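Trainee: Below you will find the structure I want to go over with you.
The values are calculated or read from the model by the stated rules, or taken from the named source; none is laboratory data. These figures come from a predicted structure and were not determined experimentally. So basically every Cβ, Gly included, is an ideal-geometry build from the backbone, and we count neighbours across all protein chains shown. These accessible areas exclude ligands, DNA and RNA; they are computed on the full protein's heavy atoms, side chains included. Shrake-Rupley method; radii C 1.70, N 1.55, O 1.52, S 1.80 Å.
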Amino acid sequence: MRNINLLLFDDFETLDLFGSVEILGKVETFNLKYFSINGGIITSKQGTQIITQKITEAKPTDILVIPGGQGTRRLVDDSIFIETLFSFAEKAAFCLSICTGSVLLAKTGLLNNREATSNKKAFDWAMQMAPEVCWKRKARWVVDGKFYTSSGVSAGIDMTLDFVANQFSKEKAQQIATHIEYVWNSDKESDMFA
């Protein structure tokens, strides 16, 4: 079993998280765990409440997932959150961010001189927050080394399916997409929202 550490914060975007959770939860060898800085109940922008453990209880070398959402606007200037994210993202086997979660990851400096993307509606803000990142405006998602970043909300589903394809096989990713009756946009360069 391999742990998937989902790092949450108040006002995260529900589909950012649960689109990826739906995909990753279909992989038999993945064990999903929900964390936050202090543990306890975290509430999404849409009011969904999740019970989390303190991030210090996570194994740093597992796979890390960071959603986006309105909560990212506060956290870009939260030094404790950014330092904690840095320590886990640096050691993680893989790091997946959805939507503006990539801006939080970028604030750690780990995406400096790497390609990444973010939500198109927040793209100018992303570039302003982390100008050292090679931001790709026209991309459904981007893979640079162990870092996966996706553009807006539902793009995280496509990115996570690609992650499964890269870790296992394209056939396995397609089986999951078919099982959930989802039409997978498997071309990361095909971005109709750019």
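Trainee: Work out, step by step, the length gained on full extension between Asp10 and Arg137: first 0.36 nm times the residue separation, then minus their alpha carbon distance; give nm to one decimal. Could the numbers behind the result be given before it?
Mentor: On the way: separation 127, 0.36 × 127 = 45.72 nm, distance 2.66 nm.
Length gained, Asp10 through Arg137: 43.1 nm.
Trainee: Still on this model: Mind checking region 89-194 for GluC sites (Glu not before Pro) that DSSP puts in a loop (not H, G, I, E or B) and that have at most 14 other Cβ atoms within 10 Å? Don't skip to the answer; put the middle values down first.
Mentor: On the way: sites: Glu90, Glu115, Glu132, Glu171, Glu181, Glu189; in loops: Glu132, Glu181, Glu189.
In loop regions of region 89-194 (DSSP not H, G, I, E or B), the sparsely surrounded GluC sites (Glu not before Pro) are Glu132, Glu181, Glu189.
Trainee: Restrict the search to region 162-194; then list the chymotrypsin sites (Phe, Trp or Tyr not before Pro) that DSSP places in a loop and that have at most 15 other Cβ atoms within 10 Å of their Cβ.
Mentor: Values: sites: Phe163, Phe168, Tyr182, Trp184, Phe193; in loops: Phe168, Tyr182, Trp184, Phe193.
Hits after loop and neighbour filter: Phe168, Phe193.
Trainee: Please compute the modelled spin-label separation between Gln167 and Lys26, points set 7 Å along Cα→Cβ, answer in nm with one decimal.
Mentor: About 1.4 nm, to one decimal.
Trainee: Let me ask something else about it. Per the helix-only calculation at 222 nm, which mean residue ellipticity applies to the chain, given -39500 (n - 2.57) for every DSSP H run of n ≥ 4 and division by its residues, nearest 500 deg cm²/dmol? Walk me through the numbers before you get to the answer.
Mentor: Values: 7 runs with 65 residues, N = 194.
One gets -9500 deg cm²/dmol as the mean residue ellipticity at 222 nm.
Trainee: About the Cα centre, and with charges only on the beta carbon of Lys, Arg (+1) and Asp, Glu (-1), how big is the dipole of region 17-128? Nearest 20 debye, please. Walk me through the numbers on the way to the answer.
Mentor: Numbers: 12 positive and 10 negative charges, 41 e Å.
Result for region 17-128 is approximately 200 debye, rounded to the nearest 20.
Trainee: For the charge dipole of region 29-130, defined by +1 on Lys and Arg C-beta atoms and -1 on Asp and Glu C-beta atoms about the Cα centroid, which residue among Gly109, Trp125, Ala93 has the Cα displaced farthest towards the positive pole?
Mentor: It is Trp125, whose Cα lies furthest towards the positive end.
Trainee: Mind checking which of Gly68, Phe12, Val27 is farthest towards the positive end of region 1-97's charge dipole, using Cβ charges of +1 (Lys, Arg) and -1 (Asp, Glu) about the Cα centre?
Mentor: After comparing all options, I get Val27.
Trainee: How large a share of the accessible area of the chain, in percent, is made up of carbon and sulfur atoms when the probe is 1.4 Å and the other protein chains stay in place?
Mentor: Numbers: 4230 of 8600 Å².
The C+S portion of the solvent-accessible surface of the chain is 49 percent.
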